[in-house]
Amino acid sequence: MLYLYNGALDVPKILKDWYEEEAKSNYGAYIPFVGTVRSEDEIEGLSFDIYEPILFSWFEAWQKKAKAKGAVIKMAHSRGDVLLHESSYIAAVFSPKRRVALEFIDEFVEDFKASAPIWKYDLKDGKRVYALDRSTAIKGSGILGVKN
Amino acid sequence: MVRVEFLGPIQKDALELDIKNLNELATILQGDKEMSEWLENSAVAVNDTLVSSLEAPLKDGDKISLLPPVCGG
């Protein structure tokens, strides 16, 4: 369950919807992570590009891992501009017992940061500036740069 | 022909190339000075699956994507 939205996420609605979707599913734990845009370096906000085909296949691989442990992952992310103090990312894990959900949310969010095909830009003076210094090269990057 | 797409912040139009494998693509892109930095830090996907080797053969209609460093959230 991966949901993409144009612009900022409606956090209270999404968290409520997810809660209600699983309220009768007999999960003992619901652990959400919400990412919010902070004011720093004089940015006006952030902006995102997403490559959806690989994002969906990456997410499905994680959903299979979660299912094998009786858990389910939900994720929402923004496309385009998200301003200060708005939210661009929510991930949540539901599981029968808390330990699985606590471990999964940690592993999932870390791999999301390192692998999900999403590109972040700072919004400064109305322009998008690619946040290269905060970005991570996907595992296996650089093969086209190797000289024969 | 294969189609090569440059994703995210790489400001480059897609290419249509007559090549048989990714080694040929590497040679072509290494000749483009504006691409040199991106080649060092980008991942490569063929038909939306990430690849770790340049050896796999390409066939007519394949889609190749270059994915520069990511930062979701």
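No value in this document is a laboratory result; all are computed from the given coordinates. The shown structure was predicted, so the numbers you read here are calculated from the model rather than taken from an experiment. All Cβ positions, even for glycine, are placed from backbone atoms using ideal geometry, and neighbour counts span all protein chains on display.
Shown in residue order for the range A:25-41 are the 3J(HN,Hα) couplings computed by the Karplus curve 6.51 cos²θ - 1.76 cosθ + 1.60 at θ = phi - 60°: 8, 6, 7, x, 9, 9, 10, x, 10, 10, x, 10, 6, 9, 7, 7, 6 Hz (x for Gly and Pro). Across the range A:1-136, Cα pairs under 8 Å and at least six residues apart give a relative contact order of 36 percent. Annotation: the range A:1-99 has a Kirkwood hydrodynamic radius of 14.5 angstrom, from the mean reciprocal C-alpha pair distance.
Report the Rg/Rh value for the range A:78-134, based on alpha-carbon coordinates and the Kirkwood definition of Rh. With Rg and the Kirkwood Rh in hand, the quotient comes to 1.08. Ordered by the count of other Cβ atoms within 10 Å of each Cβ, fewest first, B:LEU67, A:LEU55, B:LEU15 give B:LEU15, A:LEU55, B:LEU67. Count the DSSP beta bridges whose two residues both fall in chain B, then state the antiparallel fraction as a percent rounded to the nearest 5. Percentage antiparallel, nearest 5: 75. Amide hydrogen proximity for A:GLU86: with H placed 1.01 Å from N in the peptide plane, the residues at 5 or more positions away or on another chain lying under 5 Å are A:VAL37.
Each 5 Å bin from zero up to the one holding the largest Cα-Cα distance in the protein assembly as shown carries the following percent of pairs: 1, 7, 14, 16, 16, 14, 12, 9, 6, 3, 1, 0. Report, in degrees rounded to the nearest 10, the 0 to 90 angle that the Cα long axis of helix A:11-21 makes with the longest principal axis of chain A. Relative to chain A, helix A:11-21 is tipped by roughly 30 degrees.
Taking amide hydrogens as placed 1.01 Å from N in the peptide plane, the amide H of B:GLY73 sits under 5 Å from that of no residue at least 5 positions away in sequence or on another chain. Pairwise Cα distances in chain B exceed 21 Å in 18 percent of cases. For the range B:31-73, the Kirkwood estimate of the hydrodynamic radius, built from every pair of different alpha carbons, is 11.8 Å.
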